[in-house]
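The values are calculated or read from the model by the stated rules, or taken from the named source; none is laboratory data. This one's a predicted model, so the numbers in the text were calculated from it and none came from an experiment. As a convention, Cβ positions derive from the backbone with ideal geometry for all residues, glycine included, and neighbour counts pool all protein chains shown. Ligands, DNA and RNA are stripped out before the accessible areas are found, and what is left, the full protein with its side chains, is counted by its heavy atoms. Shrake-Rupley method; radii C 1.70, N 1.55, O 1.52, S 1.80 Å.
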Amino acid sequence: MNMQKRFKHKILRTLFLFFFLSSLSSIYAGEVFELEGDPGENDTRLLSALNRLTYDRVLSNQNTKGFAFRYTSKWYSPLQLDVFVLGLAKREKMSLIRIESSKKGSERIFRNFLQEELTKKELTGGLANYTDVSEDAKFEPYRKSYFWSESLAIVHPAASVFYNSYKSPVYGGSDRLKSMFGYIGLDLLLAGIGYYYATTTMEKNSALESYFLKPTASGNVMDSPGAPVFIGLLVLPRLYRMIGGWQDTYTHNRIMEISVSKSF
């Protein structure tokens, strides 16, 4: 009984640590730049640029979080964006634009794109001067495969993250390591919980039954009544990563289009 309590306490501590670290990853998220012009006019120009970027998958969000305007990508959009506009009270005709996305790399790419589109200046030269990406990144345009991203997500979510992050500007800074170790830790945690639950539902074999050669339970976790729970917990992170892999692949391919043509 004490062993079960200790095991439950370890699971709770691990869950708390995982979600705490996950929340920290978004505290310092976001890319900011200043834009000359009236906030109202900048709002219209920004909306137009965002719709060109996302193929009209951006909408106005009334929950502005204290900003003058806020735009978010629609729920079904594979390209995730959250853009805030704020007029600077101490500076006439000047706006502050803040871009948030799921990855540091994509945030900086989208900031560079919007800054270039809204100022009509050649700021980045595509991706040639972009440096804060995964260490093996090269900038020759190429597309990621949805097939490999989704297939690797089924094998293991961390493998899909590695594929999507390899030579991709979508992942910047520590995005790759945090995502890979996050999925590895979550997979081990859910597997441990599922295994523990499955073993508690297994039928116990008595010594008397074994002595009289009576058929007994195999002792295999997969044959226990709790096996569906064990399998289901393993499936959850893979389904979640399949959605994330689809989003990463789409975002990478879209960034490659931006860097090549700059036309919409």
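Summary table
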read-out	value
Residues of the stretch 57-79 classified as within 19 Å of Leu114 (Cβ to Cβ) and in contact with a Lys or Arg (Cβ under 9 Å, 6 or more places away or on another chain), total	12
Residue count, the stretch 75-86 (criterion: surrounded by fewer than 13 Cβ atoms within 10 Å (Cβ to Cβ) and charged (D, E, K, R))	0
Options Tyr240, Tyr163; residue that is aromatic (Phe, Trp, Tyr), under 30 Å from Ile258 (Cα atoms), open to solvent by less than 60 Å² (accessible area, probe 1.4 Å) and modelled with pLDDT of 90 or more	Tyr163
Filtered residues of the stretch 194-222 (kept if in a helix (DSSP H, G or I) and either at pLDDT below 75 or among the hydrophobic types (A, V, I, L, M, F, W, C) (or both))	Ala198, Ala207, Leu208, Glu209, Ser210, Tyr211, Val221, Met222
So Gln80, is it among the polar types (S, T, N, Q), modelled with pLDDT under 95, more than 16 Å from Met256 (Cβ to Cβ) and in contact with a helix residue (DSSP H, G or I) (Cβ under 7 Å, 6 or more places away or on another chain)	yes
Any hit, the stretch 45-68, residues being at pLDDT below 75, part of a loop (DSSP other than H, G, I, E, B) and open to solvent by less than 70 Å² (accessible area, probe 1.4 Å)	no
